[in-house]
Amino acid sequence: MSKSERVIEREEVVIRFSGDSGDGMQLTGTLFSNTSALFGNDLLTFPDYPAEIRAPQGTVGGVSGFQVHVGQSEVYTPGDFADVLVAMNPAAVKANSKYIRDGGVIIIDEDNFTEKNIKKAGYEKDPIEEDRLDRYNIISAPITTLVRETLKDLGLDPKTVIRTKNMFALGMVYFLFGRDLEYTEEYLKSKFSKRPEIIEANSKVLRAGYHYAETIEAMTPIYKVSPASIEKGLYRTIDGNTALSWGFLAAAEKAGLGLFIGSYPITPASGILETLAARKDLGVKSFQAEDEIAGICTALGASFAGNLAITTTSGPGLALKSEAIGLAVMTELPIVIVNVQRGGPSTGLPTKTEQADLMQALYGRNGECPVVVMAASTPSNCFKYAFEAARIALEHMVPVILLSDGFLANGSEPWKIPSMDSLPEIKPPLVKEGDDVFIPYERDPKTLIRRWAIPGTRGREHRIGGLEKTVKGTVSYIPENHEYMVKMRAEKVARVVTKVPDLQTYGDNEGDMLLIGWGGTYGHLLTSVRELRKEGRKVSLAHFNYINPLPANTAEVFSGFEKLVVAELNAGQFIRYLRMEFEELKFKQINKIQGLPFTCKEIKEQCVKLLEE
Amino acid sequence: MNEEIVEYSPNDFKSDQEVRWCPGCGDHAVLAAIIRALAELKIPKEKFAFISGIGCSSRFPYYLSTYGFHGIHGRASAIATGVKIANHDLNVWQITGDGDAMAIGGNHFIHAVRRNIDINIILFNNQIYGLTKGQYSPTSFRGAITKTSPFGTVEEPFSVGELVIGAKGKFFARTIDSNVHLSTEVYKQAALHEGTSVVEVLQNCVIFNDGVHKELTDRETRDETTIVLKQGEPMIFGKNGDKGLKLDGLKLKVVKLGNGITEKDILVHDCEENNPGMHTMLANMRYPGYPVALGVIRCVSAPTYDMSVESQIAKIQKISKIKNVADLLKSGSTWEAK
Ligand code: SF4
């Protein structure tokens, strides 16, 4: 093959790094992603790792993967199938062989393909034969041997030497994609600034990998993915949990309030508590509570005392917080409860993604207990929806549940940094000091919002609590009063609709099919609908970020389509909600409950089937 | 905590709500003593926040004219913690009972104490569940016959003071509902102490556990059955002031003065001693055998959680380059698309 024949120009490419959970694949993937972002590609990443920090070595259960999809134009998914798979051991091949594109490249560390490891991975004898891997372009490199050779003069202990293996693989991938090593070397320098020998070892191995790929070039294709043409401006890569944390910081600044987070560590939400705990410079009061209940109760206390208060969790934690959410509903205090969903029920699949907490968010409480429910839909728009959730909570004096998921939380993508001036002001209904009696549940006649009198404000002393009250705040068991207050609280939430933007469709206002989704599936549904439209199908997409209340024009949007199909990563929760809200309409469904995102392939296939029904 | 000094009368702290505790319930006297303490503290009224959980005593905030938050069962310590961290300028009180704080809220209670959040926890101990009508609580004595233990309980009770000290508590006091004078003093000291202050109030539930503290409150017996501890004073009690406490090996011993034993042989109370050994022994004294200790048993100064949060923020703000959210958004690695 001559050089020009080997260069494959592509609009987009998917790379998956895969190895034992101790092999450093998450870091390798992140470094490759950041290098590509700096190069100017659009991208989206998806880490996929086991719940155990060090799962049994060499087994399929212990495989940790990091997939990144880089492209010239807008990239919305991590990609269904990998063009390049880096597999550090046989188990990584076993776990991923189904997800490689035909004709794709597999880079393996042949030193790890010993008989013992092959058996451990669950193969009888030869992975290549058993999984018919000859369909792919396999680059078999003795990575472990080459790494040992590269570092033999540095006098490092064998463990440290082996740990640099991932840099060798990364070097090879950089060559394959014509990327330079600068970003990675800078990273190593700042990360290990106190250990020069580690910097040297990793850099040496990184370069050795790069040169090795160059030397064996006859066997390797070179992918060329030109920079994306993106809107002008300042960019950074951001993951969902960071974006969410920063959205709350922006909201607190715009509202002129302190930010309080009361949370208990839980996968995959802990990143938010960690990110905000590091922001003492912005005055954040972060509180690692003794349990989930204390997380929300401290936040509710902070809200009573006048802070923008949030609590963050995942499904099992939301269950524990239910009673306190009821207290927030009853006391009409602003609070945002973030649920970064994972596979359930119970402990379920802690590190995997799912959308199965929607019903819990909408209804999982005692009594008539409506709250605002919203969902972010891309890693970077977690910023926008955190900001909006806080704005609604503060301006309407309501609890808001904001749903994210494991896919958004850990996924990352380039993000155009917004200017703070472009964000709206937030004006909570605060009461100034004064001598006329403060009536806690007196409402604005139009919005039904009550006012917020913060302890420390002279003359506004009052009592609130979980018992049913009259407008004046007196405990009351009067039947008519209870019914009145229940209806007021519900109507107040319903009137948040004034803050909910109209639902936009991607595609047309009418057609054969409207694909309907919510939350973290946006990228996959959008890409599927795009491809279906390219194939001439009359399919459009309506994706929801506001679930309670729904956008005011929802029924109107639905009315333009022959078939309404709801796709979600659960057994059918949003569809049941829509059926309740729109009794006269017929909905069909596409569901997946495997702890994994959709693939565009499966969505498209099911859409075509439903279209042809 | 604040400079402003304001004159109040107890009436300024009463709310317009009808008090709904049973007639004769010890809670009425606790309310009177706390109202008196609040007036005497001379802190602007709007700075008080009363937080409660669930139970008879937890109705308390409704009967005060301060800011109040009647929470959910067991969670008052957590809510009060959030209030205090959010605004350390407030004087935050938690009103709770033996069920609310020791059973369903045990986790939050011990962690609030451990963190030393500057809140004042007033724990009404009547050794029974009143609001749910007479089930045993974590402080009911072994063998207590109640609706849910018709043949007597088969479990050991918590000793509130021992639990507080075990959880690294820095302030523990005990008082009796009917002793309004002592109670007022103890509540004031609890309010002024910086850090978590726990006051156990021995309270009588006339309906479901009447007379549980009878021998400690009756005029005829109380001088023999209780000892009021005072800082720097010898631990002397008894109707005639003729009994005292002495160390006997590793244990406390009640001795009679006279016959060669003088005041000099009697222990002197030091609530500021950091070592918790003596305070634990004092908190655990039970009648018969020992007098029950009242007054401030432990009062040790230590950094509070809320002030540590404030000083950490101030320190980091001084050195960080990130001054606002715009700075943060642009921090770290970014690139310009042209
Ligand atoms: S039930 Fe007992 S504790 Fe409750 S109000 Fe009546 S007497 Fe007081």
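What follows is calculated from the coordinates using simple rules that are stated; it is not laboratory data. The model shown is predicted, which means the values in this text are computed figures rather than measured ones. Cβ atoms come from the backbone with ideal geometry, glycine included; neighbour counts cover every protein chain shown.
Details
- For B:Thr280, A:Thr347, order by how many other beta-carbon atoms lie within 10 Å, fewest first: A:Thr347, B:Thr280
- Straight-distance candidates among the aspartates and glutamates for linking to B:Lys42, with alpha-carbon spacing under 13 Å and chain neighbours fewer than 8 residues away dropped: B:Glu3, B:Glu4, B:Glu7, B:Asp12.
- Applying 1/(1 + (r/R0)^6) with r as the Cβ-Cβ distance of A:Glu510 and B:Lys42 and R0 = 45 angstrom yields a FRET efficiency of 0.05.
- Subset of A:Lys427/A:Lys492; B:Lys14/B:Lys84; A:Lys125/A:Lys159; A:Lys427/A:Lys469 violating a 19 Å alpha-carbon distance limit: B:Lys14/B:Lys84; A:Lys125/A:Lys159; A:Lys427/A:Lys469
- Basic side chains Lys and Arg get +1 at the Cβ, acidic Asp and Glu get -1 at the Cβ, and with that the dipole of chain A about its Cα centre reaches some 940 debye.
- Leading residue at positive end of dipole, region B:125-281 (Cβ point charges), from B:Leu257, B:Leu247, B:Pro138: B:Pro138
- Among B:Met102, A:Met172, A:Met485, A:Met580, the ranking by other beta carbons within 10 Å of each residue's beta carbon, starting with the fewest, stands as A:Met580, A:Met485, B:Met102, A:Met172.
- Considering only the protein assembly as shown, percent of DSSP beta bridges that pair antiparallel, nearest 5: 35
- Per-residue shielding of A:302-314, expressed as the average number of other chain Cβ atoms within 10 Å of the residue Cβ, stands at 4.
- Applying a threshold of 30 Å to the alpha-carbon distances of A:Lys191/A:Lys416; A:Lys116/A:Lys165; B:Lys188/B:Lys323; A:Lys119/A:Lys165 flags B:Lys188/B:Lys323 as lying beyond it.
- Separation of alpha-carbon centers, region B:240-259 and region A:422-458, rounded to whole Å: 61
- Sorting A:568-576, A:330-338 by average packing, meaning the other beta carbons within 10 Å per residue, from highest down gives A:330-338, A:568-576.
- Helical mean residue ellipticity (222 nm; -39500 (n - 2.57) per DSSP H run of 4+; nearest 500) of chain A: -11000 deg cm²/dmol
- Ordering A:416-422, B:120-126 by mean Cβ neighbour count within 10 Å, with the highest value first, yields B:120-126, A:416-422.
- Per residue of A:64-76, other chain Cβ atoms within 10 Å of the residue Cβ number 0 on average.
- In a simple Cβ point-charge model (Lys, Arg +1; Asp, Glu -1; nothing else charged), region B:177-273 has a dipole of about 280 debye relative to its Cα centre.
- Theoretical ellipticity at 222 nm over chain B - DSSP helices of four or more residues, -39500 (n - 2.57) apiece, nearest 500: -7500 deg cm²/dmol
- Along the axis of the charge dipole computed for region A:236-422 (Cβ charges of +1 for Lys and Arg, -1 for Asp and Glu, origin at the Cα centre), the listed residues A:Thr298, A:Ser346, A:Ser412 are led at the positive end by A:Ser412.
- Exercise: per-residue mean of other protein chain Cβ atoms within 10 Å, B:311-324: 3
- Ranked by the mean number of other Cβ atoms within 10 Å of their residues, highest first, the peptides A:135-142, A:192-199 come out as A:135-142, A:192-199.
- In percent, rounded to a whole number, the relative contact order of region A:309-395 is 28, using alpha-carbon pairs under 8 Å and six or more apart.
- Positive minus negative residues near B:Ile165 (Lys, Arg vs Asp, Glu; Cβ under 13 Å): +2
- Those lysines that a straight Cα-Cα span of less than 17 Å connects to B:Lys321, excepting residues fewer than 8 apart in one chain: A:Lys280, B:Lys330
- When only the Cβ of Lys, Arg, Asp and Glu is charged (+1, +1, -1, -1), the dipole of region B:10-305 relative to its Cα centre reaches about 300 debye.
- Candidate aspartates and glutamates - alpha carbon under 18 Å from A:Lys224, same-chain residues fewer than 8 apart omitted: A:Glu5, A:Glu9, A:Glu11, A:Glu12, A:Asp42, A:Glu74, A:Asp83, A:Asp180, A:Glu214
- Contact order normalised by residue count of region B:134-211, Cα under 8 Å, 6+ apart, percent: 23
- Helix B:305-319 and the longest principal axis of the C-alpha atoms of chain B enclose an angle of approximately 20°.
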